[in-house]
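Here's the structure we're looking at; comments come further down.
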Amino acid sequence: MIANALRDRLMAVYGTWLEQDDLGRRYVGLCGPESDHGATSVRQFLEELVRTSSGPKAVLERPTALDHPDSTLLQLLRSPLVLRTGARGFVEAVALQALCLLMIPRLLLEADPHPGPIDLGLQLGAGILDEREGDDPRTALPSIDDPADRADLADSLMKVLKAKLGHRPIRSFFTVEVAGNGYRLWGPRMRAPKDAGTSLARRIIPTSAGSVSVDVMRYPYQEECHVHAYEWCAELREQASSDLPDAVAYGMAYRFDREEGLSVGGKSGLMTAADGLADVDLLQVSAFLEQHVDAEALMDEGDLAFVWLWERRSDASAGAGRACLLAALGDLSRRLRNIRTVVVDLKPYQYVVTDAAGMPATVHIEKLEALDRLQTFVEGLRLGEVVKGHCRYIVNREGDDPDAAMRVLGLAGLAQRP
């Protein structure tokens, strides 16, 4: 039987995970293959339901709630689940397995990462005392081995899930709500640590919408990749004394060493430079290289400026976002005079970026319509003219996912093998 104190602790941790919609992603690979098959978020679970009920190879009938994304999660859980083989059940049974039962090893690791030998209700793996001697850490993971105890705990976790998320519409897991600060994605800690590079002089640029402060940080030069990396951050304030910006535009710029006018380092150098910064930068670069066949020609023609976050606060004046971005790119083109291509991550911030196969059809259509409106707006800014060159669009579907960044690096390494 699981001790009450441990049960309460596990349920509290699970509740926190649900609020963040991150079901112990960082523990995947540490808890054994069974736990690794569990979902890493409720959204991922919903995506899998959409995928497995789509197309000619669908293995189950589409639960009605997924075709009506304003239905609540609780309504979905109570929906019938009909397999093509004829077997029937309820969505809740699958959710209990993927979102609750398979979470238990991850929860134990989060709740007590350094367990002692006499925790009530918690049985330790046989190798716990050998971990310090270099044995496989998986043998030292705490566990609840009694199937009845595990099933009982999973039922308790399902009650937490229903209480926390049952009222939320399916749509909400694929959209991003405005936070208390008026932004969907931006937060005050979005910038790189100050000790990560060398800060260049801040510039204040007056615009009709307010003053734009532009900060640029130069990162240490990696001679072997022949690419210089710069982070740029622009914030517009309608009132100069305001702590909170009314619009932001952040990104990276990459300056190439050149021989006879052509870039040195190429794709591999650009990826190496981005990999030395952050996962989001590497994935932005990867999207650019994958989605544009003329990427190398653009690098030969000039340097690159990436726009990976561009957002206006919800109650800021119309035009603040436009003024912030144009001021930032204008300043950047004066600092780094050979920039000839602006690369904009074209994603509607109100939608989680995922492929059509994993998103309810109604929400996917709404996202495409929002993307079309955004692209039309950005085209009207004529950003290519700001840098006397080009504007290219990308969609970074991976965000800042560290696992996706590792896959990109692995594939790049394989591509370079003779």
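The set of residues in the range 42-94 being polar (S, T, N, Q) and without any contact (Cβ under 8 Å) to a residue 40 or more places away in the chain consists of Q44, T52, S53, T64, Q75, S79, T85.
Every test in (1) without any contact (Cβ under 8 Å) to a residue 40 or more places away in the chain; (2) under 23 Å from the mean Cα position of the chain (by Cα) is passed by L30 save one, and that test is (1). Considering only the range 48-55, I want to know if a residue exists there that is assigned to a helix (DSSP H, G or I), of a type in the set (S, T, N, Q) and not assigned by TED's automatic domain parsing to the domain that holds T362. Scanning the range 48-55 turns up at least one residue that is assigned to a helix (DSSP H, G or I), of a type in the set (S, T, N, Q) and not assigned by TED's automatic domain parsing to the domain that holds T362. Restricting to the range 358-401, give me the number of residues that are in a helix (DSSP H, G or I) and farther than 26 Å from R171 by Cα. Total satisfying the criteria: 8. Checked against (1) in a strand (DSSP E or B); (2) closer than 30 Å to D67 by Cβ; (3) not polar (S, T, N, Q), K162 meets all criteria but (1). Put simply, of T72, T40, T52 the only residue that is surrounded by 14 or more Cβ atoms within 10 Å (Cβ to Cβ), hydroxyl-bearing (S, T, Y), closer than 18 Å to M359 by Cβ and touching a His at 6+ places or on another chain (Cβ under 8 Å) is T72. Filter the range 355-390 down to the residues that are of a type in the set (D, E) and surrounded by fewer than 19 Cβ atoms within 10 Å (Cβ to Cβ), then identify the one that is farthest from Q44 (Cα to Cα). Of everything passing the filter in the range 355-390, E385 is farthest from Q44 (Cα to Cα). Taken residue by residue, the range 131-146 has no member that is acidic (D, E), at pLDDT 90 or above and over 20 Å from L23 (Cα atoms). In this structure, is E224 within 23 Å of the chain's Cα centre (by Cα), acidic (D, E) and either surrounded by fewer than 14 Cβ atoms within 10 Å (Cβ to Cβ) or modelled with pLDDT of 95 or more (or both)? No, not satisfied. Is it true that some residue in the range 216-226 is within 25 Å of V285 (Cβ to Cβ) and in contact (Cβ under 8 Å) with a residue 60 or more places away in the chain? Looking through the range 216-226, at least one residue is within 25 Å of V285 (Cβ to Cβ) and in contact (Cβ under 8 Å) with a residue 60 or more places away in the chain.
E47 fails exactly one of the following numbered conditions: (1) surrounded by fewer than 17 Cβ atoms within 10 Å (Cβ to Cβ); (2) among the acidic types (D, E); (3) closer than 28 Å to E366 by Cβ. What is the number of that condition? That leaves (1) as the condition not met.
Counting only strands (runs of 3 or more DSSP E) that fall entirely inside the range 180-291 and contain at least 1 residues that are in contact with a Phe, Trp or Tyr (Cβ under 9 Å, 6 or more places away or on another chain), the qualifying elements are 210-218, 227-237, 247-256.
Total residues in the range 303-348 satisfying the condition of being under 20 Å from the mean Cα position of the chain (by Cα), assigned to a strand (DSSP E or B) and within 24 Å of K267 (Cβ to Cβ): the figure is 7. Restricting the range 235-264 to residues that are free of Cβ contacts under 8 Å to residues at least 40 places away in the same chain and under 20 Å from V216 (Cα atoms), the residue that is surrounded by the most Cβ atoms within 10 Å (Cβ to Cβ) is R237.
Scanning the range 320-352 for residues that are buried (at least 22 other Cβ atoms within 10 Å of the Cβ) and polar (S, T, N, Q) gives a single hit, T341. Against the criterion of being in the same structural domain as D149 (by TED's automatic domain parsing) and over 24 Å from G89 (Cα atoms), L10 qualifies. Residue selection: A65 fails the criterion of being of a type in the set (A, V, I, L, M) and assigned to a loop (DSSP other than H, G, I, E, B).
The values are calculated or read from the model by the stated rules, or taken from the named source; none is laboratory data. This structure is a prediction, so every number in the text was calculated from the model and none was measured. Ideal geometry is used to build each Cβ from the backbone, glycine not excepted, and the neighbour counts take in all protein chains shown.
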